[in-house]
Amino acid sequence: MHQMNDLRRIDLNLLVILDALLSEQHVTRAAERLHLSQPAVSHALARLRDLLGDQLLVRAGAGLAPTPRALELIAPLAEALAQVQSLLAPNIFDPATAKRTFRLAMSDYGAAIVLPGLIRTLRREAPAIDLQISHASREGMLEGLINGDIDIAVGVFPELPNELRSTVLFEEHYACLVDRNSVPDDGVLDLPTYLSRPHVLLEMRGSGTPEIERALTSLRERRRVAISLPHWRVAPELISGTDLILTVASRALRNIDQSLLVVVPPPFQIPSFTFVSAWHKRRGGDQALNWLNKKIEKTTTPLQELPKAAIF
C-alpha cells in the first residue's frame, strides 16, 4: 500500500522533465526543450528533489551538475521513458502521416554518405518526420545511445556495449588523397615516400583514426601528423598545392576534383572496417525507429557494392 501511495504522487511529466534536466544540466535550456516556462521546470525540480530525497542537480558555474544519485538514474530513466513511449505508440506506424523527431548522431563523413539519400526518402515518404543531427566522438555517440539522448548513431564502432544493437551498412577501406603534382612518376605511393611526407589527421575530441596508427605500429613505423583537425570538408583543400597526405575512408573521396587531386591506395595494409547504424535494444519495439533504420540501410545499399577499382 505504501508503494502504491508513492506511485500516486509521481506525475509522468516529472520524469520527462527530469530526463530533460539531466540531459541539458540547465533549467532554462530544459524549459526551452520542453516548451515550458522556467518557473514550471524549477517547481518540478523541487518536487523531484522531495520525491527522491536527493538534490539531483546542484549549482556548478553557469549550469547544474548531477549528483551521484542523479547519475545512477540517467540510464534507467531513459529506458523507462522509451518503454512508456513504445507502450503508448499506435500499433501501426504510417510514415505518410506520422509526426516524429529523431535524434541521429554521425560524423560529417557519415552525414555525406547517409543524409542526401535519406532526406530525399523522408521528404517523399514521411514529410512530417524531422531529424536532429549531432556530431560527437565515437565514445560520445555510444554514451548518447545508452542514456537516451540519441536514437540512432551511424559510424564505426569496433566494440559495442551489450545493450546496443547494430546493422552493418557496408564494408569500408582506406585510401590516400594527394596533390596530383606530388604523385611519383610511376603513380605509386610507396612506404618511404608516405613516411617522409607530412600528414593531415581527421579527429574529434581525441577519437581519430587509431586503425592507421596501429597498422603503422605493426610495421614499427610512425608518420608525422602536421595538421590535426575535426572538419572533413576543409581537409581536401589543404592537400591541393602541398606535399600533405590525407588517409581516410575511401567513400569520402568519391567526388574529389581529380584535375587537382588524386586518390591512391595506402602503401601498407590497413584493415578494412564496417560502417554501421546502432541503437539501444530497449527501442526494439519502436516501429517508427525500425522503419527509419531500414531506410538508412536502403540508402547505403548501393555503397555495399562499390569496388576498390572504382575508387582509384
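Values quoted throughout were computed directly from the atomic coordinates according to the rules given, and no laboratory measurement underlies them. None of these values were measured; they are calculated from a predicted model. Note that we place each Cβ from the backbone using ideal geometry, even for glycine, and neighbour counts take in every protein chain shown.
Let a ≥ b ≥ c be the square roots of the eigenvalues of the Cα gyration tensor of the range 174-264; is it rounded (a/c under 1.5), or, if not, prolate (a/b larger than b/c) or oblate?
It comes out oblate by the Cα gyration axes.
With runs of 4+ DSSP H residues as the only contributors, calculate the mean residue ellipticity of the chain at 222 nm using -39,500 (n - 2.57) per run, divided by the residue total and rounded to the nearest 500.
-12500 deg cm²/dmol
Please build a GNM for the chain, connecting alpha carbons under 10 Å apart, and tell me which residue among LEU260, LEU201, LEU77 fluctuates the most.
LEU260
Which order results if ASP151, ASP257, ASP11 are arranged by neighbouring Cβ count within 10 Å, fewest first?
Fewest-to-most Cβ neighbours within 10 Å comes out as ASP257, ASP11, ASP151.
Cα centroids of the range 99-164 and the range 223-276: how far apart, whole angstrom?
The distance from the Cα centre of the range 99-164 to that of the range 223-276 comes to 24 Å.
Sorting LEU169, LEU219 on the 10 Å Cβ count, fewest up front, what's the list?
Starting with the residue having the fewest Cβ neighbours, the order is LEU219, LEU169.
If a/c stays under 1.5 just call it rounded; otherwise compare a/b with b/c (prolate if a/b is bigger, oblate if not). Do that for the range 10-116, with a ≥ b ≥ c from the square roots of the Cα gyration tensor eigenvalues.
The shape class here is prolate.
Can you list which of the DSSP-assigned H helices in the chain have a Cα extent of 27 Å or more along the long axis and an average Kyte-Doolittle score of at least 0.5?
68-88
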